[in-house]
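Notes for the one structure printed next.
The values are calculated or read from the model by the stated rules, or taken from the named source; none is laboratory data. Keep in mind that what you see is a predicted model, and the values were worked out from it rather than measured. Note that we place each Cβ from the backbone using ideal geometry, even for glycine, and neighbour counts take in every protein chain shown.
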């Protein structure tokens, strides 16, 4: 015979409240995702831009860190002619260097002039 427990509505709410409190106030990864690379990378409001007409395009991203009180304190933007070069941390077009700032919206491109018909 399988055991069966019957809880009143008040008991169920108490159990759920205690469970939620334990999960929320501890470092349980069930409710939080780990931090990592920035997400929703955009250039001039587009996620995969082609045909940008701005001479100094602006970059934006979301900070990917759900820890309480987590903020961005610095950033670095790498611009390269291919994904392969970026994977090797090689920015053959522009490397912003480390920028001490919490700004993650409308960060202006500061490299050499961009050429037409290049990706």
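One table, with the values for the structure above:
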read-out: Test for residue 79: is it modelled with pLDDT of 85 or more and farther than 19 Å from residue 111 by Cβ; value: no
read-out: In the range 52-68, the residues that are under 8 Å from the mean Cα position of the chain (by Cα) and in a loop (DSSP other than H, G, I, E, B); value: 63, 64, 65
read-out: Only listed residue being at pLDDT below 80, more than 15 Å from the chain's Cα centre (by Cα), in a helix (DSSP H, G or I) and loosely packed, with under 12 Cβ neighbours inside 10 Å, chosen from 19, 23; value: 19
read-out: Residues satisfying the stated conditions in the range 78-105, i.e. assigned to a loop (DSSP other than H, G, I, E, B), touching a strand residue (DSSP E or B) at 6+ places or on another chain (Cβ under 6 Å) and surrounded by 11 or more Cβ atoms within 10 Å (Cβ to Cβ); value: 91, 93, 104
read-out: Subset of the range 106-116 (residues that are more than 20 Å from residue 47 (Cβ to Cβ) and surrounded by 11 or more Cβ atoms within 10 Å (Cβ to Cβ)); value: 110, 111
read-out: Sole exception among (1) assigned to a loop (DSSP other than H, G, I, E, B); (2) in contact with a strand residue (DSSP E or B) (Cβ under 8 Å, 6 or more places away or on another chain); (3) modelled with pLDDT of 85 or more for residue 49, by number; value: (3)
